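The values are calculated or read from the model by the stated rules, or taken from the named source; none is laboratory data. Note that this is a predicted model, so its numbers are computed, not measured. Virtual Cβ from ideal backbone geometry, glycine too; neighbours counted across all protein chains shown.
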Amino acid sequence: MRIAAFFRRTAAVTGLGLGILLGIVGVRSALTRSRQPAFVAPTVPEFVDVGGEQAARLGQAVRFQTVSRDGSPPATAEFLQLHELLRQSFPLIHSTLQRETVGDLSLLYKWEGQDPAARPILLLAHQDVVPVEPGTESRWQKPPFSGEIDGGFIWGRGTLDDKCSVMAIFEAVEWLLLQGKKPRRTIYLAFGHDEEAVSVGGALQIAELLKSRGIQLELVLDEGLAVTRGLMPGVQRPVALIGVSEKGVLNVHIEAVGEGGHSSMPPKRTLIGQLSRAITRLEDQPMPRQLRPPTSDMFDYVAPEMSWPLKPLLTNRWLFDPVLTWQLDQGNSTRAMLRTTQAPTMLQGSPKSNVLPQSARVTVNFRIRPGDTTASVTEHVQKVVADEHIRVTAQPESATEPSPVSDPNSPTFATVGQTIVSLFPDAIVAPGLMIGASDGRHFARVADSVYRFVPFVIEPEDLARFHGTNERIRTTDYLRMIRFYAQLIQNLDAPH
Ligand SMILES: [Zn+2]
């Protein structure tokens, strides 16, 4: 009897507690305010590409093979031809803006503002492209450097990454000049030439040059994230992600050293076996996962726009964070937003099948999330490998720290978001973490905010086109990019 009463009472108390908890979850979910900018109709007219001129010019830009290859000098002649195309296509820019070349092939333009007190902004893109993987040329529906326009698309290497941005920024500024635009604040346009290589020449030098001139920018807008559709599970509407930070990079060599000798009399434990165990230990003990800005901010922006059951889940992160974090950790792309990732990519042993190696080495490529550093990663690897016969050496020449997280509450973030909603009215705007690396990271030293966003729509099937086969952009999407940049410059130039 007593036991039954006890259980009844416990059940009642538990039920009451659960009821209160559900009540809190429901109320919080209902009261969560939207962080979305209000729709404002664009003032820049739609670019109707009647004569096909703008698309044709992007096609022409694609034809110059401004390819970056690691360890090879830049394709100078191709870049110079691209510069000549820019000169011929955009006469107003070249007669009004100051132009200088930096690091031989990168370009910096300055559109002088009328108000010296207004802080300048900079639009950034890169002129170079990745090579086409040898042997895959025949899989392209149109030759990769043809710049052909067909089926409503502009085809070729660079149409998504990142000649579309280069050309759309030029088109937008040329159009604004044609309208008689005189900016209030100074506007810089910068175009690196080695973003796809190690990137030590172009954009980095432009950032250093601006620093040496004492210039502090209010905003840098680089390529990076985009308007994604169908990429965020459970969200029907497109999500426009503005990258507010990018991950750092570090290569670490893990090397086992020993005697070598003939493979007919191997020791019980070989160097490669030893090295493999070190890799396994590392995979078993990765850097810790953590849901922190900007990834946590992304959920805070998207959550109020969601419906049941995701909305109560994501608006009550105080309660559900452990579940959410666990769930995100299950997928490769979402895990990369939570953790510093580690990828063993290069393996070296002996040069011959019957020779035991005297040294065996693996290169592990780390992508460092904000909150970790190259030093904390190195320390982690040393601690986990913990083998006196194995050397762990960080490779500083390729290393970059994760970039600072730009403020999603700044007036410039609001302006970029507002402009996105003007041109992509059904999109949800949110800050995000850029998992790859781009030139924007060099500008943290000269800019209050660095945002990474390209104004086009990406769907799951487009992902493989970046650096891959059949890269192409829909012509209407490209024209909207031009409109976006023209509208953004207008909006950023309005006093706030
Ligand atoms: Zn790019």
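Key figures for this structure:
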quantity: Of residues in region 388-444 being among the charged types (D, E, K, R) and surrounded by fewer than 23 Cβ atoms within 10 Å (Cβ to Cβ), the one nearest to residue 193 (Cα to Cα); calculated: 397
quantity: Per-region count, region 43-83, residues in a loop (DSSP other than H, G, I, E, B), surrounded by fewer than 18 Cβ atoms within 10 Å (Cβ to Cβ) and at negative phi; calculated: 11
quantity: Only listed residue being part of a helix (DSSP H, G or I), more than 14 Å from the ligand (Cβ to nearest atom) and crowded, with 22+ Cβ neighbours inside 10 Å, chosen from 207, 240; calculated: 207
quantity: Matching residues in region 89-106 - criterion: being assigned to a helix (DSSP H, G or I) and either closer than 24 Å to residue 68 by Cβ or modelled with pLDDT under 95 (or both); calculated: 89
quantity: Residue 194 over 21 Å from residue 481 (Cα atoms), surrounded by fewer than 18 Cβ atoms within 10 Å (Cβ to Cβ) and in the same structural domain as residue 447 (by TED's automatic domain parsing); calculated: no
quantity: Sole residue being in contact with a Ser or Thr (Cβ under 8 Å, 6 or more places away or on another chain) and touching a residue at least 12 places away in the same chain (Cβ under 8 Å), chosen from 462, 477, 448; calculated: 448
quantity: Residue in region 160-170 that is in the same structural domain as residue 100 (by TED's automatic domain parsing), away from the ligand (no atom under 16 Å from the Cβ) and among the acidic types (Asp, Glu) present; calculated: no
quantity: The listed residue being of a type in the set (Gly, Ala, Ser) and under 33 Å from the mean Cα position of the chain (by Cα), out of 12, 56; calculated: 56
